[in-house]
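Visitor: Structure provided below as structure tokens; questions to follow.
The values are calculated or read from the model by the stated rules, or taken from the named source; none is laboratory data. Here the structure is a predicted model, which is why all the values come from computation and not from measurement. Neighbour counts run over all protein chains shown; Cβ positions are idealised from the backbone, glycine included. Just so you know, the surface numbers come from the protein's heavy atoms only, side chains and all, with ligands and any DNA or RNA stripped out. Shrake-Rupley method; radii C 1.70, N 1.55, O 1.52, S 1.80 Å.
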Amino acid sequence: MADPDPAAPKASASQLNDTRVVDHALEAAKMKAKETGKKVEVPSRFSETLKVWANPDGKTLHAELYSAPIQVASIEKDGMKRWDPIDTTIVRRSDGHIAARRTKAPLEFGDAGSQVLATSHVNDQKVGFRWGKKLPKPEISGNSITYRDAVTQGADLVVTALPEGFVQSVVLRTRPKGPLAVKLPMDLPKGTSYGKASDGTPQLMSPQGKPEAAPIAVQALDAIESENPESGKVGKVSTNVTTDASGASTLVLEPDAAFLSDASVSYPVTISVSSSWVGAGLAEDTFVNNADYPYGSSNASLDRILVGKSNSGTVTWRGYLRFLVQDTDLDYATIADADLRLWNYLSGGQDATTGLNCGKSVGSGIVARRITSNWSQSSLTWSNQPSYTTSGQVGNKAAYSSDCSWGEGELYYSIQNMVQDWADHKVPDYGILLQSTSESDSQNWRRYRSSEYAGTSGRGPVLFIDYTPVERHLVVSNYNGDAWSAGPSYDTAVSLQVPTTSGAPDLEGITQDQAMEIKLDRANPRVEIGRDKLQPFDGEDWSNNPWEPPDEVEPTPQPDTTAPTEPFPVIVDHAG
């Protein structure tokens, strides 16, 4: 799909000797939406993180874009693609196995007597954690599975299923009587092994010694911390990876004994391990702070995003979100409206009018800013954050909190201009930074639900977008140069188009699927076939030398070897 050059003059549809790419399903959805006055789904425009509807106006589309997969595709017997919603509910299947109902990477869990704790299927490989002894009978609730007293009396193993992976937790219901060490044997992707990061912490490495995941960083969180960052307790957990003679790796967790014995620590205490440390994935939303939560990778597995200022201004929290706008149906679309929705359930600060920690104006509020350099949850730390710009920033001073009359609620940020720039490919879609509008505030924080939240559905971060998709055209062009590694730009395709002769018949539009096939054919590199793979034609005999075809005979006179100029089809986005 050729990309239009924003700086180049755009040809009108009448100037193009082309055919419009027709998505018949989209046109039918538009018509039905207009007739019924209700939004109608358009599955041909879906992706794993994007859902699209035709609006009742019969012209525009409405999209919901998430920071984590919300649906998975499958191919039916008739060759049609089907989208099914992700469902992380853990169930016992008809074959007796325990598994998450539907996730991007299939998840399975150990039954009573098994030593396999949790397994994720990634790239046709099984990765996950095992247990050094037989597991007790599991207790299943929603998207979590609990193995009661599996670690020791009063200490459970709990696994939570997520859309792209899982979180393995040790939950200490009661204070242990002495030092504790938890050993988790690991099944790693083929060829990978654990080495050391620059700070000495364990890190999954490729066969070439390159990092495959974030360094392992684990914390112990007490019961109060999960509700209030200013009064809760966070303890350190020592991590180590041992390797036996067979090459098998085991993660060893040792929580700080002084923390566990501290009388001010409220139980239960939770110690969580991310599936990303064995090669499985997690959503691109996380946070970091300058105190006990410096690692984006370990925070990415939590069901919350914390942003702002706390602890009398000594602790600063920043949230990071990434939405994949580019290379979706939003490419070069005209964005009519784009709102970031965050679900706010706890807050800290004082409303200017009521003096409570909820209201229309708590502290300086939280601002959304466009990130201007690349980042990932695996590399994000407090000391390694991406750059951002204040240009086009959007703030919101409102706050909700479950402990006041407002209760929990939605907070919106209108970021239409930001999304339009991403859609136009003017800037990379690196995502959004959330931070206190003024980081000199003493108390001004919000706690939002993350994509990992397993409660009432639909409460993770989401972008609501109304837009008009760009028109796509099939342009027939001439080109006689070197092969392109990718399709031509918009203006190049138009400049090379073949003039339509008088009386030439009109060509019918093609479907969206046909357009995608043409795009992929143009983008894929040519495959060179070795002479040892050639086979004789019917009637030819290569028995004397089966590995060589017959010698080529030089014709006389020598032919003109200038390559002929031949038309070829190119799909271009036409935003004119």
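Visitor: Can you list the HN-Hα couplings for region 147-156, worked out from phi with the Karplus curve (6.51, -1.76, 1.60; θ = phi - 60°), rounded to whole Hz and with x for Gly and Pro?
Guide: Listing the rounded values in order: 10, 5, 6, 5, 7, 6, 4, x, 10, 9 Hz.
Visitor: Which entries in the list 196/236; 309/397; 134/210 go over 25 Å, if you measure between the two C-alpha atoms of each?
Guide: Values: 196/236 19 Å; 309/397 14 Å; 134/210 35 Å.
Correct reply: 134/210.
Visitor: Next question, about the same structure. Stretched out fully, how many nm does the piece from residue 111 to residue 134 gain, at 0.36 nm a residue minus the Cα gap? Mind showing how you got there, number by number?
Guide: Values: separation 23, 0.36 × 23 = 8.28 nm, distance 0.92 nm.
Extra length from residue 111 to residue 134 when fully extended: 7.4 nm.
Visitor: May I pose another question? Efficiency by 1/(1 + (r/R0)^6): what FRET value for residue 258 and residue 312, r their Cβ-Cβ distance, R0 = 35 Å, to the nearest 0.05? Numbers along the way, then the final one.
Guide: Details: r = 24 Å, r/R0 = 0.70.
After rounding to 0.05, the efficiency reads 0.90.
Visitor: First check a/c for region 336-393, with a ≥ b ≥ c the square roots of the eigenvalues of its C-alpha gyration tensor; if it is under 1.5, answer rounded, and if not, answer prolate when a/b is larger than b/c or oblate otherwise. Walk me through the numbers before you get to the answer.
Guide: Details: a/c = 2.35, a/b = 1.71, b/c = 1.38.
In terms of gyration-tensor shape, prolate.
Visitor: Let me ask something else about it. Between residue 390 and residue 337, what is 0.36 nm times their sequence separation minus the Cα-Cα distance? Round to one decimal in nm. Don't skip to the answer; put the middle values down first.
Guide: Working: separation 53, 0.36 × 53 = 19.08 nm, distance 2.02 nm.
Full extension from residue 390 to residue 337 adds 17.1 nm.
Visitor: On to the next question. Once amide H atoms are built 1.01 Å from N in the peptide plane, which residues 5 or more positions from residue 42, or in another chain, come under 5 Å H to H?
Guide: Here 52, 53, 54 satisfy the definition.
Visitor: Here's another thing I want to ask about it. Take the alpha carbon atoms of region 78-112, find their center, do the same for region 350-427, and report the distance between the two centers in whole angstrom.
Guide: If you average the Cα positions of each part, the centres end up 34 Å apart.
Visitor: Give the span of region 180-226's Cα atoms along each principal axis, as three whole-Å numbers ordered largest to smallest.
Guide: Computed over the Cα atoms, the extents are 43, 23, 18 Å.
Visitor: When you count, for each residue, the other Cβ atoms within 10 Å and take the mean per peptide, how do 129-136, 315-322 rank with the highest first?
Guide: Working: 129-136: 15.8, 315-322: 23.9.
My ranking of the peptides, most packed first, is 315-322, 129-136.
Visitor: Just check region 211-277 against the gyration tensor rule for me: Cα atoms, a ≥ b ≥ c as the square roots of the eigenvalues, rounded for a/c under 1.5, and otherwise prolate or oblate depending on whether a/b exceeds b/c. Please report the intermediate quantities before stating the final value.
Guide: On the way: a/c = 3.43, a/b = 1.99, b/c = 1.72.
Prolate.
Visitor: May I ask you to list the lysines whose Cα is less than 28 Å away from that of residue 30, ignoring any residue fewer than eight positions away on the same chain?
Guide: Those lysines meeting the cut-off are 10, 38, 39, 51, 59, 77, 81, 519.
Visitor: To continue, here is another question. Could you run the Karplus curve 6.51 cos²θ - 1.76 cosθ + 1.60 with θ = phi - 60° over region 236-245 and give me ³J(HN,Hα) per residue in whole Hz, x for Gly and Pro?
Guide: Once θ is set to phi - 60°, the couplings for region 236-245 become 7, 10, 6, 10, 8, 10, 9, 10, 8, 4 Hz.
Visitor: Is the shape of region 64-111 best called rounded, prolate or oblate, per the rule: a/c under 1.5 gives rounded, else a/b larger than b/c gives prolate, else oblate, with a ≥ b ≥ c the square roots of the Cα gyration tensor eigenvalues?
Guide: oblate
Visitor: If you don't mind, another one. Once you place label points 7 Å from the Cα toward the Cβ at residue 242 and residue 196, how far apart are they in nm?
Guide: 1.8 nm
Visitor: Further question: What is the packing order of peptides 395-404, 444-453, taking the mean over residues of other C-beta atoms within 10 Å and listing the highest first?
Guide: On the way: 395-404: 19.3, 444-453: 25.9.
Output ranking for 395-404, 444-453: 444-453, 395-404.
Visitor: Full extension from residue 28 to residue 352: what is 0.36 nm times the residue separation minus their Cα-Cα distance, to one decimal in nm?
Guide: Working: separation 324, 0.36 × 324 = 116.64 nm, distance 5.09 nm.
Length difference between fully extended and current span is 111.6 nm.
Visitor: Largest first, what is the accessible-area ranking of 413, 66 with a 1.4 Å probe?
Guide: Highest to lowest solvent-accessible surface, that is 66, 413.
Visitor: For region 167-283, what % of the accessible area comes from carbon and sulfur atoms, probe 1.4 Å? Walk me through the numbers before you get to the answer.
Guide: Working: 2580 of 5130 Å².
Summing carbon and sulfur atoms, their accessible area is 50 percent of the total for region 167-283.
Visitor: Are there GluC sites (Glu not before Pro) in region 139-220 that DSSP marks as loop and that have at most 11 other Cβ atoms within 10 Å, and which are they? If you can, show how the numbers build up before the last one.
Guide: Numbers: sites: 139, 164, 212; in loops: 164, 212.
For GluC sites (Glu not before Pro) across region 139-220 that sit outside H, G, I, E and B with at most 11 neighbouring Cβ atoms in 10 Å, the list is empty.
Visitor: Cα centroid distance between region 184-205 and region 315-336, in Å?
Guide: Value for the Cα centre distance between the two parts: 31 Å.
Visitor: Continuing with this model, one more query. Heads up, I need the accessible area for residue 81: 1.4 angstrom probe, whole protein in place, Å², nearest 10.
Guide: Approximately 120 Å² of residue 81 is accessible to the 1.4 Å probe.
Visitor: Among the GluC sites (Glu not before Pro) within region 38-99, which fall in a DSSP loop and have no more than 16 other Cβ atoms within 10 Å of their own Cβ?
Guide: Here the GluC sites (Glu not before Pro) that fit, given the DSSP loop and packing criteria, are 76.
Visitor: Taking 60 Å as R0, compute the FRET efficiency from the Cβ-Cβ separation of residue 36 and residue 223 and round it to 0.05. Don't skip to the answer; put the middle values down first.
Guide: Working: r = 50 Å, r/R0 = 0.83.
E between residue 36 and residue 223, to the nearest 0.05, is 0.75.
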